[in-house]
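S.K.: Here you go, one structure.
The values are calculated or read from the model by the stated rules, or taken from the named source; none is laboratory data. Please read all numbers here as calculations on a predicted model, not as lab measurements. All Cβ positions, glycine included, derive from the backbone under ideal geometry; neighbour counts span all protein chains shown.
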Amino acid sequence: MNSQRHEVEVLVVGAGPAGIAAACVAAEAGKRVAVLDNSPWLGGQIWRGEQSHPAQAAAQRWIRRFKGSGAQLFSSATAFSAPAPGMLMADTPAGVLQFSWQKLVIATGARELFLPFPGWTLPGVLGPGGLHAMSKAGWPVAGKRVVVAGTGPLLLAVADGLKQHGMEVRLVAEQTPLAKVARFGLGLWRHPGKLIQGLGVKARLFGVPYRCGCWPVKAEGTDRVERVTLTDGLRTWTESCDYLACGFHLVPNNELALLLGCELSGGAIRVNELQETSVTGVLCAGEPTGTGGADCALVEGQVAGLAAAGLASQARPFFAARAAWHRFRDALNEAFSLRPELRRLAASDTLVCRCEDVPLATLDAFADWRSAKLHTRCGMGACQGRTCGAAAKVLFGWDNDSVRPPLFPVNVGALVSTDFTEDKRTSTTTKPGV
Amino acid sequence: MSAKPDILIVGAGIVGAACAAECARAGLSVLVLDRGPVGGGTTAAAMGHLVVMDDSPAQFALTSYSRRLWHQLAEQLPTHVDYDPCGTMWVAVDDQEMAEVRRKETFYRERGVKVEVLDAATLRKAEPNLRHDLVGGMRVSDDAVLYPPCAAGFLLEQARAAGAEIRTGVEARSLLPEGGVTLGDGARLSAGIVVNAAGPWSPALTPGLPVRQRKGHLVITDRYHGFVGHQIIELGYLKSAHAVTADSVAFNIQPRKNGQMLIGSSRQFDSEGTEINQPILDRMLRRAFEYLPTLNQLSALRCWTGYRAATPDKLPLIGPSLESDRVWLATGHEGLGITTSLATGRLLVDRLMSRPSEIPSEPYLPARLAKGGAAHD
Amino acid sequence: MTERVTISVNGKPISVPTGTIVAAAVALAGATRFRASVHGESRGPLCGMGVCYECQVTINGRPHCRSCLTLCAEGMEVKTDE
C-alpha cells in the first residue's frame, strides 16, 4: 500500500509534556525531529485543551516553545508497528506514514486504570481524566451532577476542572485512607510547586466534600447512570448523579516499548540515567518509566531529547531535579496504592472485558491471562486488552506483557508494508520549519 | 489418578482432546498432558473451518466422515464454541478454475456431499463484496465453522465427564517405548499406551517422525456483520496446501458469529519463531484484496501466527508408531486438524479396541511411511 | 470569532463550535447509547482518550470510528448503534 515516507533523526511518539520537551530540545539542537500523537491535539492528557483554552502557564510556555522549535507535528497519527529496525509505521485518517528514525523517544504517557464494579458499564460512568478531557472538547456537562471517585491527586484536579465547567461536584471519594493522604499532603513541602498547585485546587473546591477511605460499590440507572452507592467499609450510602467519574490512578502505555523489546523493571520501562532503554537507539520518558505526573515528565523528556540529540553532557544538570521528582513520584504511587477491597468489587456477573462482554465468573476458571484470553476471548476485542488486561492484573495478578502489531486497530490495508529496501527509499520531506 | 491409565495422551489440542473423549467414552482410563493450556498450540492458531476436501480420496474420506461427526455433535456444543453452519464458498477466477469447480461438483455429488455450482451472477448476489469479475463458484452448504480452543475445551469436558484426567502445565520430555512418558522434571508416568498428539512438536517426542512445522498467518477484523456470508476460499487454496516446499499464500476468509472475520492463509516451512513474517503477510493480504477489494478498508484488530503439523503425503498419522506398539501417533493433520479431529479419535479407538472403522484406516497408518516412504519433495 | 460546524447525528442536525469532538455532538444530540455491546447493552465513552473503544460510532458510513478523538467537520453524518 502506498505510504508517505519520512526520514527523521529523532522520532518522538506522544505529544504530551514528555514528548514536547524531548522534541523541543532535540530540534533546538538542530536535529530533524518529528512528533506523533494519536489525537488531533498537542498536550497529551494532562495538557488537554491548552491550545484552545489556556489554563496552565507551564503548558503555554512549552507549547509556544514547541511551535518555534522546528519539530514537525503529525496529529491523529497512531504508531502501530515497527516492521524493521529504525522503522515505525503510523496510521492516520489520510493513510499510513512510514518513519525511518535514528533515535526514537517513546513518550506514550498513561491511561486511567478502570476496575470493574456492578454498573460500571453504564453510559455516564467515565474516567475522571476522560470526562474532564471531553468536557474541554465540547462534551456538555454544565448543570450536571457528578461524583468523582477512585484514587489519586488527579481526582481533585478533575473535580476542580469540572466545577469550572459548571458541573455540580457532589463528592470526591478517595479510596486512600485519610491518614495516608494527609501524610502525602504534608510531604508536599518538599515539592513547593505541587503544594501551591494543590492548595489552589483545594481553595476552588471549597464546599465540595472530599472524603477519604471510601469507594464506589455500584452504579445504577436505566439507560445511564443515575446514582452511585459508596462505602467506607462501615457505612454505605447512595448519591444521585448524572455522571460518575471513576478511575484508580494510571496504567502506563507501555505497548510500543514492549513491542520494540524494551525491558521492564518493576512494571515500568527500564531506563538508564539518560532515559535510554535496553534497546539501542530507543529512549523513553514520562509515564511509561513510572507514573509521576507532568513535572517529572518534563524533566525526563528534556534528558531524553538531549541524549537523543547526542548532547548527553547537557543532560546532567537535569539529574537533580529528576531525582526530586522521582521521590515525589514514589511517594505518590505509595500513598495512593490500591486497597484490597477494590479487587472484590465486581460481582460474578459483572463484566470484566467490555469489548467481548466477559463476566468475572467466566474468568475465575483460569490461572493466567493467556488461557483466559484463549478460552473466553477476554482481551481479544478492539481495546486489545488495554481496559480488561489492566483490571485483570489487579484482580488476578495476571501479567500480560506479550504485545504484537498492530498496536491499535488499523485498516487491513495498513498491515501491508511497502518495500523498504534501500534503493526504493525516497528521500523525503521537509526540513524543520519548512 | 493413582493407577496406571490405559491411555496417556500428550497434547491437549483439538486432536488430543478428541482422542481423549473417544477413549474415555469407550471405557478406557485416560490421562491427558499438555505443557501449556488446553488448545494453546496449533489449535489456538487454527481457523476452525469444518470442511470437506478432495485433494485425495483418503483426504476426502477422512474429512467427510469427520464432518458428519461434527454435524452429529453440533447441538451439544455450548454457545462459546461458536458453531456456525455458514457453509463454504469456493470461488473461481477463470475458466480453468471453473472447470475444476465442475470436476469437484461431480466428485462430491457422486459421494453424497451437497454442493451447488454458482455462475457469476449468482455468486455476486450471494457474496456482493467479492470482486465482480469472478466467473463462478461452488457452495458446500454443510460445511461449518467454530472456535477451536473452546471446541477442544468442550471435548476435554466430555472426556472428564467419562472419567479422564487432564493436567495442563506439564511437559513430557520423552516417550517410553513400554508405554508412558518421562516428564520435564525426570519423573516417569506409566500407561498402557501413550499417544503422541503434540502436533508440530511431535517429532521432539518421536525422533525421526516425518512431521514438519508449517507456519501460517492470520488476521482478524473488527465486527462487520454480513460482509461475507460463507467461509470463502479460492480454488488455488489446494495448490497452496499441495505445494511442499515453496512459501505460498491462498485467499481464505471466515465470518465468525459475532461479525468478526478471520483472514488467511499462508504456508511456510523453515520460518522460525512466532513473529509475523512481513513479506508473506503482505502477500497474503494482497491476495485477499484481489478477491475482496474493499477488505483493505476494514479495521484489523490482531495478527498472529501458528504452526501446522505437515506430513509428506498430506495425510495425518493415526495409529501405532513404527518404534513400539505401546507408542501411538495422532498427529500430522496440517490444515485439517479441526475438521478431522473427531474422526481421528474414532479411528484411534477403533484400532485400539480392534473393532472395524466406518472408513478404511490404512491410509493414515504411520506404517505407510516406513521403508521407501515419500520424502518431503 | 468562533466558527461553528453543522453535522448530523442519527439524521438530526447539530450545530457545534469548531474544535468539538464527535462524541460531544452525540451527547448534545441527546443520544446516550453510542454503541451496542456484544450482548446488546448500551455503551458510551469511558476513557475519553481513544484506548477503550466504547465511544465507537459510524461516521460517513464508516463504522468503528472513535468519536472521542474525531473532530466534527461540516456535513459529517454520524450514526450510533440502534
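S.K.: Among C:Arg4, C:Arg35, which is the only one that is crowded, with 17+ Cβ neighbours inside 10 Å and of a type outside the set (A, V, I, L, M, F, W, C)?
M.R.: Going through C:Arg4, C:Arg35 in turn, just one is crowded, with 17+ Cβ neighbours inside 10 Å and of a type outside the set (A, V, I, L, M, F, W, C): C:Arg35.
S.K.: Still on this structure: State whether one or more residues within the stretch A:122-135 are within 12 Å of another protein chain (Cβ to nearest Cβ), over 16 Å from C:Ala23 (Cα atoms) and small (Gly, Ala, Ser).
M.R.: no
S.K.: So, one more: What about A:Ala367, is it touching a residue at least 12 places away in the same chain (Cβ under 8 Å) and surrounded by fewer than 18 Cβ atoms within 10 Å (Cβ to Cβ)?
M.R.: no
S.K.: Within the set of pairs 6 or more residues apart or between chains, which connect a residue that is within 12 Å of chain A (Cβ to nearest Cβ) and in contact (Cβ under 8 Å) with a residue 12 or more places away in the chain inside the stretch B:257-279 to a residue that is in a loop (DSSP other than H, G, I, E, B) and hydroxyl-bearing (Ser, Thr, Tyr) with Cβ atoms less than 9 Å apart?
M.R.: So the pair list comes out as B:Lys257/B:Tyr83; B:Lys257/B:Tyr147; B:Gly259/B:Tyr224; B:Gln260/B:Tyr224; B:Met261/B:Tyr224; B:Asn277/B:Ser271.
S.K.: Which residues, taken from the stretch A:104-121, are more than 18 Å from the chain's Cα centre (by Cα) and within 10 Å of chain C (Cβ to nearest Cβ)?
M.R.: A:Trp120, A:Thr121
S.K.: Could you tell me whether the stretch A:155-166 includes any residue that is under 23 Å from C:Ala24 (Cα atoms), assigned to a loop (DSSP other than H, G, I, E, B) and assigned by TED's automatic domain parsing to the domain that holds A:Phe206?
M.R.: Yes, that holds for at least one residue.
S.K.: I need the full set of residues from the stretch B:257-298 which are of a type in the set (Lys, Arg), surrounded by fewer than 19 Cβ atoms within 10 Å (Cβ to Cβ) and either assigned to a strand (DSSP E or B) or under 20 Å from the mean Cα position of the chain (by Cα) (or both), in order please.
M.R.: B:Lys257
S.K.: Continuing with this model, one more query. Would you point out which residue out of B:Ala45, B:Ala58, B:Ala74 is within 20 Å of B:Gly306 (Cβ to Cβ) and either outside the structural domain of B:Ile220 (by TED's automatic domain parsing) or touching a residue at least 40 places away in the same chain (Cβ under 8 Å) (or both)? Break it down into steps so the answer makes sense when it comes.
M.R.: Values: B:Ala58 fails: within 20 Å of B:Gly306 (Cβ to Cβ); B:Ala74 fails: within 20 Å of B:Gly306 (Cβ to Cβ).
Going through B:Ala45, B:Ala58, B:Ala74 in turn, just one is within 20 Å of B:Gly306 (Cβ to Cβ) and either outside the structural domain of B:Ile220 (by TED's automatic domain parsing) or touching a residue at least 40 places away in the same chain (Cβ under 8 Å) (or both): B:Ala45.
S.K.: Test B:Val219 against the stated conditions and say whether it is away from chain C (no Cβ under 14 Å), among the β-branched types (Val, Ile, Thr) and more than 30 Å from A:Pro409 (Cβ to Cβ).
M.R.: no
S.K.: I've got another one for you. Within the stretch B:207-220, is even one residue in contact with a helix residue (DSSP H, G or I) (Cβ under 6 Å, 6 or more places away or on another chain), modelled with pLDDT of 95 or more, of a type in the set (A, V, I, L, M) and within 24 Å of B:His333 (Cβ to Cβ)?
M.R.: Yes: one or more hits.
S.K.: In the list B:Arg302, B:Arg286, B:Arg351, which residue meets the criterion of being within 14 Å of chain A (Cβ to nearest Cβ), among the basic types (Lys, Arg) and in contact with a Pro (Cβ under 9 Å, 6 or more places away or on another chain)?
M.R.: B:Arg302
S.K.: Answer with yes or no whether B:Gly229 is more than 22 Å from B:Ile14 (Cα to Cα) and either within 11 Å of chain A (Cβ to nearest Cβ) or surrounded by fewer than 18 Cβ atoms within 10 Å (Cβ to Cβ) (or both). Break it down stepwise before answering.
M.R.: On the way: more than 22 Å from B:Ile14 (Cα to Cα): yes; either within 11 Å of chain A (Cβ to nearest Cβ) or surrounded by fewer than 18 Cβ atoms within 10 Å (Cβ to Cβ) (or both): yes.
Answer is yes for this residue.
S.K.: Scan A:Leu256, A:Leu260, A:Leu250, A:Leu264 and give me the residue that is under 22 Å from A:His132 (Cα atoms) and under 27 Å from the mean Cα position of the chain (by Cα).
M.R.: A:Leu250
S.K.: What's the number of the only condition in (1) at positive phi; (2) away from chain C (no Cβ under 14 Å) that A:Pro177 fails to meet?
M.R.: (1)
S.K.: In the stretch A:230-265, how many residues are closer than 13 Å to A:Leu171 by Cα and among the aromatic types (Phe, Trp, Tyr)?
M.R.: Counting residues in the stretch A:230-265 that are closer than 13 Å to A:Leu171 by Cα and among the aromatic types (Phe, Trp, Tyr) gives 2.
Residue by residue, here is whether (1) over 12 Å from the mean Cα position of the chain (by Cα); (2) among the basic types (Lys, Arg); (3) more than 19 Å from A:Pro128 (Cα to Cα) holds:
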position: C:Arg4; (1), (2), (3): yes, yes, yes
position: C:Val9; (1), (2), (3): no, no, yes
position: C:Thr18; (1), (2), (3): yes, no, yes
position: C:Ala23; (1), (2), (3): no, no, no
position: C:Leu28; (1), (2), (3): no, no, yes
position: C:Arg33; (1), (2), (3): no, yes, yes
position: C:Gly44; (1), (2), (3): no, no, no
position: C:Cys47; (1), (2), (3): yes, no, no
position: C:Glu54; (1), (2), (3): no, no, no
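S.K.: Continuing with this model, one more query. Scan the stretch A:378-401 for residues that are free of Cβ contacts under 8 Å to residues at least 40 places away in the same chain and more than 8 Å from every other protein chain (Cβ to nearest Cβ) and jot them down.
M.R.: Those that are free of Cβ contacts under 8 Å to residues at least 40 places away in the same chain and more than 8 Å from every other protein chain (Cβ to nearest Cβ): A:Cys378, A:Gly379, A:Gly385, A:Cys388, A:Gly389, A:Lys393, A:Phe396, A:Gly397, A:Trp398, A:Asp399, A:Asn400.
S.K.: When the stretch A:385-416 is examined, which residues are found to be assigned to a loop (DSSP other than H, G, I, E, B), crowded, with 19+ Cβ neighbours inside 10 Å and in contact with a strand residue (DSSP E or B) (Cβ under 7 Å, 6 or more places away or on another chain)?
M.R.: Those that are assigned to a loop (DSSP other than H, G, I, E, B), crowded, with 19+ Cβ neighbours inside 10 Å and in contact with a strand residue (DSSP E or B) (Cβ under 7 Å, 6 or more places away or on another chain): A:Pro405, A:Pro406, A:Leu407, A:Phe408, A:Pro409.
S.K.: Counting only residues that are touching a helix residue (DSSP H, G or I) at 6+ places or on another chain (Cβ under 7 Å) and either among the basic types (Lys, Arg) or surrounded by fewer than 24 Cβ atoms within 10 Å (Cβ to Cβ) (or both), how many does the stretch A:348-357 have?
M.R.: Number satisfying all stated conditions: 4.
S.K.: Does the stretch B:311-332 contain at least one residue that is crowded, with 20+ Cβ neighbours inside 10 Å, within 14 Å of chain A (Cβ to nearest Cβ) and farther than 21 Å from B:Pro356 by Cα?
M.R.: Scanning the stretch B:311-332, I find no residue that is crowded, with 20+ Cβ neighbours inside 10 Å, within 14 Å of chain A (Cβ to nearest Cβ) and farther than 21 Å from B:Pro356 by Cα, so the answer is no.
Quick grid of which residues meet (1) within 7 Å of chain A (Cβ to nearest Cβ); (2) without any contact (Cβ under 8 Å) to a residue 12 or more places away in the chain:
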site	(1), (2)
C:Ile7	no, no
C:Ile14	no, no
C:Gly19	yes, no
C:Glu41	yes, yes
C:Gln56	no, no
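S.K.: Looking at the stretch B:284-309, I want the residues that are of a type in the set (Asp, Glu) and have a partner that is surrounded by 21 or more Cβ atoms within 10 Å (Cβ to Cβ) and not in a helix (DSSP H, G or I) with Cβ atoms under 9 Å, at least 6 apart or on another chain. Which pairs are those?
M.R.: Within 9 Å, the pairs are B:Glu290/B:Glu234; B:Glu290/B:Phe251.
So that you can scan it fast, the table gives a plain yes or no per residue for (1) of a type in the set (Val, Ile, Thr); (2) over 22 Å from B:Glu362 (Cα atoms); (3) crowded, with 21+ Cβ neighbours inside 10 Å; (4) away from chain A (no Cβ under 14 Å):
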position: B:Pro5; (1), (2), (3), (4): no, yes, yes, yes
position: B:Ala20; (1), (2), (3), (4): no, no, yes, yes
position: B:Ala26; (1), (2), (3), (4): no, no, no, yes
position: B:Asp34; (1), (2), (3), (4): no, yes, yes, no
position: B:Arg67; (1), (2), (3), (4): no, no, yes, yes
position: B:His80; (1), (2), (3), (4): no, yes, no, no
position: B:Val91; (1), (2), (3), (4): yes, yes, yes, yes
position: B:Glu97; (1), (2), (3), (4): no, yes, no, yes
position: B:Lys114; (1), (2), (3), (4): no, yes, no, yes
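S.K.: Considering only the stretch A:22-42, I want to know if a residue exists there that is in the same structural domain as A:Gly286 (by TED's automatic domain parsing), of a type in the set (A, V, I, L, M, F, W, C), part of a helix (DSSP H, G or I) and within 19 Å of the chain's Cα centre (by Cα).
M.R.: yes
S.K.: Within the stretch B:313-327, which residues are in contact (Cβ under 8 Å) with a residue 60 or more places away in the chain and touching a helix residue (DSSP H, G or I) at 6+ places or on another chain (Cβ under 7 Å)?
M.R.: If the condition is that a residue be in contact (Cβ under 8 Å) with a residue 60 or more places away in the chain and touching a helix residue (DSSP H, G or I) at 6+ places or on another chain (Cβ under 7 Å), then B:Lys314, B:Leu315, B:Pro316, B:Leu317, B:Ser321 are the ones that fit.
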